[in-house]
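Undergrad: The following block contains the structure, expressed as structure tokens.
The values are calculated or read from the model by the stated rules, or taken from the named source; none is laboratory data. Source: prediction; values computed, not measured. Ligands, DNA and RNA are excluded from the accessible area calculation, which covers all protein heavy atoms including side chains. Shrake-Rupley method; radii C 1.70, N 1.55, O 1.52, S 1.80 Å.
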Amino acid sequence: MSDYNKGRDRTAFIVHREGLPHVKAKLAGKEQVTVAFLGGSITEGAGASAADKTSWRALTAHYLRERFGSSRIRSINAGVGGTDSSLGAHRLREHVLSVGNIDLLFVEFSVNDGSDWEESIRGMEGIVRQCRRLSPGTDLCFIYTGSERNLAVSGRIPLPFTKKWPSITAFLPSILPPAFMAC
């Protein structure tokens, strides 16, 4: 555990939000659901033994297909190594929204974000604002895995933007206990 988390009440990071209402409603019916993954190399699958089988993105898509049926879940990999949320905001339209309606967008730039706190906030807000404007029915889930490097530089993870957007779900798997391993 990093010094950042020592002695902290982990439940202080839990904020009940609106959840994922649009995708939940579609999954309750029989409609197809499109899930997109926007991020850097971790989202792309770097470091996984098999990027399209064992990365967090592939495992999440696999879980959704197993739970709701393979024919109902369409998955889009918009992970590009070495990119941060600022580049992600620029890539969102071309790499994600151009393929059609997106029901659920996972966003993960935690390793590449963090060295410039203000820039990270601008990038994340750019993603949210574009998505809300161009695809208002898309639920967003931000994945934060705080790296030691990011926490050492800023002592925090870029979460404050979620205060402006109560419909955003933020998930911190490295901080939350296993019981909270869902958006």
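Undergrad: For region 23-136, what class follows from the C-alpha gyration tensor (a ≥ b ≥ c being the square roots of its eigenvalues): rounded when a/c is under 1.5, otherwise prolate if a/b is larger than b/c, else oblate?
TA: oblate
Undergrad: Follow-up question, since we're still on this one. Full-extension gain between residue 54 and residue 32, please, as 0.36 nm times their residue separation minus the C-alpha to C-alpha distance.
TA: Taking 0.36 nm per residue and subtracting the Cα distance, the gain is 5.6 nm.
Undergrad: Right, next: Given a 1.4 angstrom probe, I'd like the percentage of the accessible area of region 70-129 that is carbon and sulfur, rounded to a whole number.
TA: With neighbouring chains kept in place, the figure for region 70-129 is 46 percent.
Undergrad: Next question. Excluding ligands, DNA and RNA, what is the solvent-accessible area per residue of region 69-115 at a probe of 1.4 Å, expressed in Å²?
TA: Averaged over the residues of region 69-115, the accessible area is 40 Å².
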